[in-house]
């Protein structure tokens with residue numbers, strides 16, 4: 001059956017069929033305009049774990065998402081599919097996570113790598129494993145980019161999209177990162193791990209094609225990160241959660257604030273969305289929740305503004321989603337946002353509308 005025939009025979013109002021693909025859609029991966037790459041990796045998480053379970057939980061929750069999009073008509077016809085998970089990523093993550101926990105616990109108790117051979121060996125293996133992950137993700141992203149797919153990455157912790165950013169550097173001369181996050185992620189080799197989830201934007205800024213980093217919603221950072229922002233000569237522009245809220249308390253609007261955010265962005269944008277940018281009631285199980293944050297429509301309003309401005313979102317990620325053992329609330333929220341964001345990215349790339 002052709003894709004056109006599948007579209008004709010598909011009932012978008014019916015219950016999602018689990019024998020079908022993501023969101024209950026009837027398309028195979030080759031027929032999907034948007035391909036999501038799952039990266040179940042959480043080696044360096046420093047507080048709560050479980051983000052490696054995020055991609056599968058989001059996939060499972062996607063069957064509950066209604067397909068009517070209020071902004072992008074008939075968006076489901078484009079197709080959104082999730083690539084098969086790389087089992088080696090998960091097995092390496094499980095192995096190296098144990099080694100990272102030993103390192104983190106030792107550091108918290110005053111030990112150092114240079115005086116402990118086992119810790120130094122652990123750190124070296126984690127570094128090599130992270131290099132392997134970055135290379136693996138980069139190659140998989142390029143595989144689908146070369147097929148002219150819209151590519152999204154589903155973590156895992158926030159270290160996972162570095163390979164995606166490196167892939168984009170081979171496809172674009174210049175692009176900016178729009179980071180939605182509670183944390184600045186500008187630490188230098190946090191806890192001794194160069195590729196820590198808390199260092200993702202430090203590593204992103206090492207990519208010369210990344211012209212600018214625009215951060216939105218930051219409400220938890222250290223002095224080292226603040227100094228990096230101040231000394232970036234404008235390459236890093238941060239809209240802190242506190243400043244956003246305080247200007248709104250004084251009568252400003254989210255609409256005007258979004259206009260100022262969009263004005264900081266060039267024509268090509270990579271969207272990196274850490275779920276903890278949201279109010280923790282929407283993602284209570286995420287690894288490092290922080291009081292404050294956004295509602296879902298505030299996030300979508302900003303992304304809609306980006307699209308309406310005529311700028312192009314060249315790729316995106318959603319990460320740090322941690323499902324609960326007792327319910328799928330975090331994954332439910334993430335899957336609904338994922339559907340809307342995927343459609344808006346497609347609209348920005350003029351694949352529809």
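Inspect region 83-101 for any residue being in contact (Cβ under 8 Å) with a residue 24 or more places away in the chain, within 30 Å of residue 6 (Cα to Cα), touching a strand residue (DSSP E or B) at 6+ places or on another chain (Cβ under 6 Å) and not in a helix (DSSP H, G or I) and give the result as yes or no.
yes
From the list 143, 172, pick out the single residue that is free of Cβ contacts under 8 Å to residues at least 12 places away in the same chain and either under 23 Å from residue 271 (Cα atoms) or touching a strand residue (DSSP E or B) at 6+ places or on another chain (Cβ under 6 Å) (or both).
Exactly one of 143, 172 is free of Cβ contacts under 8 Å to residues at least 12 places away in the same chain and either under 23 Å from residue 271 (Cα atoms) or touching a strand residue (DSSP E or B) at 6+ places or on another chain (Cβ under 6 Å) (or both), namely 143.
If I go through region 147-167 residue by residue, how many of them are in contact with a strand residue (DSSP E or B) (Cβ under 6 Å, 6 or more places away or on another chain) and either more than 18 Å from residue 302 (Cβ to Cβ) or in a loop (DSSP other than H, G, I, E, B) (or both)?
Residues that pass the stated criteria total 11.
Could you grab me the full set of residues in region 168-179 that are surrounded by fewer than 24 Cβ atoms within 10 Å (Cβ to Cβ) and assigned to a strand (DSSP E or B)?
176
Consider residue 37 carefully, then state whether it is assigned to a helix (DSSP H, G or I) and modelled with pLDDT of 95 or more.
Here the answer is no, as residue 37 does not meet what is asked.
Counting only residues that are out of contact with any helix residue (DSSP H, G or I) (no Cβ under 7 Å at 6 or more places or on another chain) and under 13 Å from residue 69 (Cα atoms), which one in region 320-344 is surrounded by the fewest Cβ atoms within 10 Å (Cβ to Cβ)?
For region 320-344, the residue satisfying everything is 336.
Of the residues that make up region 51-69, is at least one within 27 Å of residue 93 (Cα to Cα), in contact (Cβ under 8 Å) with a residue 60 or more places away in the chain and part of a loop (DSSP other than H, G, I, E, B)?
Scanning region 51-69 turns up no residue that is within 27 Å of residue 93 (Cα to Cα), in contact (Cβ under 8 Å) with a residue 60 or more places away in the chain and part of a loop (DSSP other than H, G, I, E, B).
Inside region 112-124, can you point out the residues that are under 33 Å from the mean Cα position of the chain (by Cα) and either surrounded by fewer than 16 Cβ atoms within 10 Å (Cβ to Cβ) or farther than 24 Å from residue 92 by Cα (or both)?
112, 118, 120, 121, 124
Restricting to region 180-225, and then to whatever is out of contact with any helix residue (DSSP H, G or I) (no Cβ under 7 Å at 6 or more places or on another chain) and in a helix (DSSP H, G or I), can you tell me which residue is surrounded by the most Cβ atoms within 10 Å (Cβ to Cβ)?
Looking at residues that are out of contact with any helix residue (DSSP H, G or I) (no Cβ under 7 Å at 6 or more places or on another chain) and in a helix (DSSP H, G or I), I get 197.
Residues being outside any loop (DSSP other than H, G, I, E, B) and closer than 23 Å to residue 333 by Cβ: count how many of those fall in region 2-34.
So the count comes out to 4.
Counting only residues that are surrounded by 14 or more Cβ atoms within 10 Å (Cβ to Cβ) and outside any strand (DSSP E or B), how many does region 70-82 have? Let's see the steps before the verdict.
Narrowing region 70-82 to residues surrounded by 14 or more Cβ atoms within 10 Å (Cβ to Cβ): 71-72, 74-82.
Imposing the further condition that a residue be outside any strand (DSSP E or B) reduces the set to 71-72, 74-79.
Number satisfying all stated conditions: 8.
I need a count of the residues in region 47-64 that are surrounded by fewer than 20 Cβ atoms within 10 Å (Cβ to Cβ) and within 14 Å of residue 81 (Cα to Cα).
Residues that pass the stated criteria total 3.
The values are calculated or read from the model by the stated rules, or taken from the named source; none is laboratory data. Please read all numbers here as calculations on a predicted model, not as lab measurements. Using ideal geometry, Cβ is built from the backbone for each residue, glycine included, and neighbour counts are taken over all protein chains shown.
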